[in-house]
Structure formats: C-alpha cells, structure tokens
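These notes are about the structure you will find just below.
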Amino acid sequence: MGKYGSPESKTAYARFLAEKDNPIPPAPNRFRDSRTGWTDNSITVEELTAAFLQDRKPEMHDAHFSHYTILCRDFLLSIYGDIPAERFGIRELRTCQQQLISSRRFCRNTVNDYVKKIVALFRWGANNAFVPPAVYRDLQAIIPVKRGTNGTFDHKPRREVPDDVVEKTLPFLPPMLRAMVTLQRMKGMRPSEVCNMKAGEIDRSAAEWTYTPAHHKTEEDIGEKTFYFGAEVQSVLAPYLTGRKPADYVFTPATAMRERKETKRQNRKSKIPPSQAARAAQRAKKPVKYHECYDHTAYKRAIERAVAAANKTLPPNQQIPHWTPYQLRHARATELERIGGLDAAQAELCHRTANVTRRYSHAQEQQRRSLALREKNPYALSLTRQDAQDRPVAKQGQ
C-alpha cells in the first residue's frame, strides 16, 4: 500500500476497507504494482475533480457547490483520489454509494443525488476529453437506492406550519427576523431568497415592487425569477431599505443584534452600573464583526431559539412544535391552492411544472378530509329496505 504513514498508504488503506465487502469483484485488468502504483500515467480522479470544480464554480449555485465539496472530500477522494480517472467504473461507484449509505449522514434521496453528482463529474470529464466516453456510459448503469434498502432511511415529508404556531413564535424574535418570517410566509420564498436579498435587486419604480434575485436554486431550469411585492409586503420591507446601498443586503445580523440590544435597553428597569458602561465603551472601540447576511442555517437556528424561549413561558399543553423556515413556503402554497387552485400556487412558487408544486401544496389533503366528514352512503335507503325484507317474520304465538 505504500510507505507507512504516507498519504498514499492511507488512501490505499481506506480504499481497502471500503472495498473488502463489495459484492462486485475487481476486473482482471485493474491491477496495481506495489512499488510504482498504477501502470499508466493518465489523469487521476483527484485531478479530474479539481479541474471540474474550478471550471464549474463560477456558474454553480453556492448550495450545489458545497454539496460537491462535501461529496468529493469525504467520499470520493478519500478512497479513489489517487487512481486514474479512466479506471473508475461501476464497481468504484457502487463502493462510493455504499459508503454514503454506511455513513448514516444522508437520507436515501440525498444518497441518490450524490451518486448522480459523481456521474455528472465524469460526464464533464468525458465532454472535455479527460476520460474516455465509455467511462461515463458505464457509470450510467448505476441503479438508484430503492426505498426500504437495508441501512437507508427516509425523512418524513415536509408539511406546512400552521399560522397560529408562527404567531406564538414571532414575539420571541427580533423585529428584523419577524419581518423575514412575515415576508417569506406572504410570498412563499425559499429561505435563501430571503436571506440573500439585496437592495439593488428590488425595483421600486412602479406601484408594485419587483424583486429579481441575481442567483437562485432553479435558475438553470427556469432562468430569471421575479417576485412582485404589493402594499402589504412593501410595508414590511420599507424600514430595512432606508439608507441601504444597492450592493447592501436587506437583512443583516448586525441589524438584528442592534434591535435586540435596543429592546433589552427599553425593557431594562434598573440603572446601568459603571462597570457595564465601561465594558460597553471598551467594546465600542473594537466592534464585533458580523456576517454580511444571514444564511439559511443561521436563519433556522434563530427560529429554533425563539421556539425554545417561547416554550419556557408556555404551559405543557400549549408548547410550540418544532418548525423550520421552509415550512412557510409550504404554507403559502397550500393557501394559494385552496384560494386560486394549483395554477395560482405554481405561478407564485415559480415552478416549471405542476407536479413540483404538488409536493409543496397540501390543500388536496384538506379537501379529502372535508369530503370524508360529509360523505354519505348512497345505498343506505335501499339497504334498509332490503334488510327489512330479509328479516324473518315472527310466527304468531312466538
């Protein structure tokens, strides 16, 4: 496996552990020389991955790029980083698939998505003549992991969050985060679309403001995406657009922290002691540096903290259940389908097909429940008459 303690030996040992229980035996022509390594000098999987990420990063969404980074670092390069890319076949891909399952870090759908990303990496390599096209064609034979496969798990389908649950949470959030939650609920936006909103992306020249994100999750499928803001949404946004430059984010952690401190200062009943005033003056000389904007993880954590704070004040029978920002998108979709039908929900959520919208909207389930409460047996009267005819007639004296 190489010199003891060297990176090559560690990679070879990791590959040995991953492949030792692999049901697919190695092909006869795949051999390594213990002294010189592989017999050819073709591009390695690590070199192919580096070229792919360097080429695609400028045009790839940050979320997609982070997924590729995790996949390549923890599951692809740690096992097969040093082998020639043209020797990466279905057996190696199956090994990566099994490692993803065994890690228990990802649900079944994510495992299948990550395997597709590996295949896409080699498709790019074939398109740029780094690997033979046959390599990509072989990898396409991989079968997705099916539901119920041993070692896999599936998350419960995400549902909408009731408005009364959100209302109980809002008083425990800073004003800016309350505005973010309200905006997302009213427009059905993704958390990232709220967090990454910049002042220059909002056109306020007309009666209805428009927000066109520079980047969004599905821009490769639907292209440019535009949200329309009416008077109610404008009143929520307006306080956070004052004094903002076009390149400034609308919602920033620094603003939320300032609002939180102002609220504490207003609710304070005792005087500020000299020691605390001295510490505040000392901190003012070296102000804390915050991130330019919220990301979806920090946004989610802020809501979780607010739910925990609210539950400390509520009796056991009124506890707020756990909920996440993405459930606000489901709530908006369900509301729109109930009011204007599936077409209205699809238009607001900017989905290309109605089948995608059905994953977010749950109005049909509510309709089925309502129908179940009103359903009647159409044969009840005829069955009653038939039962009366079939009932034996009692004889006289019995």
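Any idea how many residues of region 216-259 are closer than 19 Å to Ala347 by Cα and of a type in the set (Phe, Trp, Tyr)?
3
Quickly run through region 213-235 and pick out the residues that are assigned to a loop (DSSP other than H, G, I, E, B) and among the aliphatic types (A, V, I, L, M).
Ala214
Scan region 236-247 and give yes if some residue there is assigned by TED's automatic domain parsing to the domain that holds Lys289, surrounded by fewer than 19 Cβ atoms within 10 Å (Cβ to Cβ), in a helix (DSSP H, G or I) and touching a residue at least 40 places away in the same chain (Cβ under 8 Å), otherwise no.
Among the residues of region 236-247, at least one is assigned by TED's automatic domain parsing to the domain that holds Lys289, surrounded by fewer than 19 Cβ atoms within 10 Å (Cβ to Cβ), in a helix (DSSP H, G or I) and touching a residue at least 40 places away in the same chain (Cβ under 8 Å), which makes the answer yes.
Take residues that are surrounded by 19 or more Cβ atoms within 10 Å (Cβ to Cβ), of a type outside the set (A, V, I, L, M) and at positive phi and tell me which of the helices (runs of 4 or more DSSP H) falling wholly in region 123-202 contain 2 or more.
In region 123-202, no matching helices (runs of 4 or more DSSP H) lie anywhere.
More than 28 Å from His216 (Cα to Cα), modelled with pLDDT of 90 or more and not basic (Lys, Arg): is that true of Pro287 in this structure?
no
Since Thr210 meets every condition but one in (1) on the phi < 0 side of the Ramachandran plot; (2) not in a strand (DSSP E or B), which condition does it not meet?
(2)
How many residues are within 15 Å of Asp164 (Cβ to Cβ) and of a type in the set (Ser, Thr, Tyr) when one looks only at region 290-336?
Final tally of qualifying residues: 1.
For Thr182, are the conditions met, namely being under 30 Å from His296 (Cβ atoms) and touching a Lys or Arg at 6+ places or on another chain (Cβ under 8 Å)?
Against the criterion (under 30 Å from His296 (Cβ atoms) and touching a Lys or Arg at 6+ places or on another chain (Cβ under 8 Å)), Thr182 does not qualify.
The values are calculated or read from the model by the stated rules, or taken from the named source; none is laboratory data. Keep in mind that what you see is a predicted model, and the values were worked out from it rather than measured. Positions of Cβ are generated from backbone atoms using ideal geometry, with glycine treated the same way; all protein chains shown enter the neighbour counts.
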